[in-house]
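A.B. asks: Got a structure for you, written out below as structure tokens; questions coming shortly.
Coordinate-derived values only; no laboratory data. Here the structure is a predicted model, which means the values were calculated and not measured. Neighbour counts run over all protein chains shown; Cβ positions are idealised from the backbone, glycine included.
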């Protein structure tokens, strides 16, 4: 499948690969190993892929005993693997490098040698965990890889040019028209249900069998739970408790994560490490309350007030609706046909968070819960900063609507109170583009363009 990350790899090869190895961070099943091998096959005369989750004792011994003599090191490595590397035009891929930290430590020596390029893949949380006894190489760049975004999903499902049209009408702030808008909204709902995990998208494209799609997603959820218990150590019970609680927390009207539901008298500071683990593993996206939404959103955080989204909304659908198999398939079908209202709001907001993260945004929201003055109470789903800053109007509030109700009382309060900082205000819903009363109404599928 076509991934934008491939172009990122090409840029690394052309500009930085002679001086830096590249470590691809990402959650399990996000496509790291696949894209690394596809890149190696297509962009180099030869390549060697070593999967350290399966590597032989012989390969590990070569790393442990021969790095002092790289001519011997590569001669033995080629003999052990049967791969002949073309000097100056070969890529060596260390797959699942967290399973053998000694190989990661060797990056400094190998990059300095200069005869080949080096690409590493690994789960971020286990990469961090397995560094106790090694020197972290400064010759290593990190890039995060996320689930397939909406445009990649459109490519995979045969809608190659759909996002080009969306960009044009977004830039002009004009409606696409009923027929085109309806077709792209249908694709958006497919993305909402299927998600962006490559093997799940592949199954959907291959079979359109919703039961099989759901089965693939549940297998990934089971894998994540196994990873929690394998890698989270003493935090594992808390991490799994949060992971299982995410759908219930997001189904509430106010989606701030209430740690009191995890255990009696729980405090955020007692659970913060577990939340951080989920975020570092890229299983979840955390969104923090910025109490003074100006240009420095990160500088004004309420560390006791946050929302926790699942990193892939397709996985959230299967995580949230855990009924029997026939009921699950019917829920998937109703979501595709837009014939379900219950819990739809949490799904579209989760997908909004996913799309913002994939577009390079940090996640912030703004909440004021004054009990004395109703005029002060507001909840803005997301707040983002402009990419090009000016003296004023650098912050853009975003409201996400899942159903027919597109009222905007909180947006109005925000625009009035923070007039100096507030730039364009967005409300995303199922409706086509329109501009009214100082608010830009956009369809959900335009959110990645903000």
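A.B. asks: Checking the a/c ratio against 1.5 first, then a/b against b/c, what shape does the Cα gyration tensor give for the range 5-144? Display every interim value, and only then the final one.
C.D. replies: Working: a/c = 1.38, a/b = 1.09, b/c = 1.27.
Judged from the Cα gyration tensor, the range 5-144 comes out rounded (a/c under 1.5).
A.B. asks: Rounded to the nearest 500, what is the chain's calculated 222 nm mean residue ellipticity when only DSSP H runs of at least 4 contribute -39500 (n - 2.57) each, over all residues?
C.D. replies: Working: 18 runs with 201 residues, N = 450.
Only helices count here, giving -13500 deg cm²/dmol.
A.B. asks: Another one. Under 8 Å for C-alpha pairs, at least 6 residues apart: give me the relative contact order for the chain, rounded to a whole percent. Working shown, then result.
C.D. replies: Numbers: 733 pairs, mean separation 60.3, N = 450.
About 13 percent, as a whole number.
A.B. asks: Let me ask something else. With the cut-off at 1.5 for a/c, could you classify the range 243-364 from its C-alpha gyration tensor as rounded, prolate or oblate? Numbers along the way, then the final one.
C.D. replies: Numbers: a/c = 2.13, a/b = 1.53, b/c = 1.39.
Note, shape of the range 243-364 comes out prolate.
A.B. asks: Okay, moving on. Under a crude label model (7 Å from the Cα following the beta-carbon direction), how far is residue 291 from residue 245 in nanometres?
C.D. replies: Modelled inter-label distance: 2.2 nm.
A.B. asks: Continuing with the same structure: Report the calculated FRET efficiency for residue 161 and residue 330 (r = Cβ-Cβ distance, R0 = 25 Å), to the nearest 0.05. Mind dumping the intermediate values first?
C.D. replies: Values: r = 33 Å, r/R0 = 1.32.
So the FRET efficiency works out to roughly 0.15.
A.B. asks: Measure nothing fancy, just the Cα-based angle from helix 210-231's long axis to the longest principal axis of the chain, in degrees from 0 to 90, nearest 10.
C.D. replies: Relative to the chain, helix 210-231 is tipped by roughly 70 degrees.
A.B. asks: Would you look at the GNM of the chain, springs on alpha carbons closer than 10 Å, and say which of 264, 103, 90 moves the most?
C.D. replies: In this elastic network of the chain, the residue with the biggest mean-square fluctuation among 264, 103, 90 is 264.
A.B. asks: Mind ordering 115-121, 14-20, 414-420 by average Cβ neighbours within 10 Å, highest first? The partial results should precede the final answer.
C.D. replies: Working: 115-121: 23.6, 14-20: 13.1, 414-420: 15.4.
The most tightly packed comes first, giving 115-121, 414-420, 14-20.
A.B. asks: Can you order the peptides 377-387, 78-88, 45-55 by their average number of other Cβ atoms within 10 Å per residue, highest first? Each step should come with its number before you reach the end.
C.D. replies: Numbers: 377-387: 19.5, 78-88: 13.0, 45-55: 17.3.
Most protected by this proxy first, the peptides run 377-387, 45-55, 78-88.
A.B. asks: Roughly what % antiparallel, to the nearest 5, for the DSSP beta bridges in the chain?
C.D. replies: On the way: 17 of 47 bridges.
So the antiparallel bridges amount to about 35 percent of the total.
A.B. asks: Follow-up. Can you order the peptides 214-221, 442-449 by their average number of other Cβ atoms within 10 Å per residue, highest first?
C.D. replies: With the highest mean Cβ count within 10 Å placed first, the list reads 442-449, 214-221.
A.B. asks: Just 293, 397, 175 to compare: in a GNM of the chain, with alpha carbon springs under 10 Å, which one fluctuates most?
C.D. replies: Ranking 293, 397, 175 by mean-square fluctuation puts 175 first.
A.B. asks: Another one. Considering Cα pairs under 8 angstrom that are at least six residues apart, work out the relative contact order of the range 255-350 and quote it in whole percent. Kindly include the intermediate steps, with their values, before the conclusion.
C.D. replies: Working: 75 pairs, mean separation 21.5, N = 96.
It rounds to 22 percent for the range 255-350.
A.B. asks: Taking only Cα atoms, what is the 0 to 90° angle, nearest 10, from helix 198-207's long axis to the longest principal axis of the chain?
C.D. replies: Between the helix axis and the principal axis of the chain, the angle is about 70 degrees.
A.B. asks: Cut-off 10 angstrom, C-alpha nodes, Gaussian network model of the chain. Which of 149, 95, 322 fluctuates the most?
C.D. replies: Between 149, 95, 322, it is 322 that shows the largest mean-square fluctuation.
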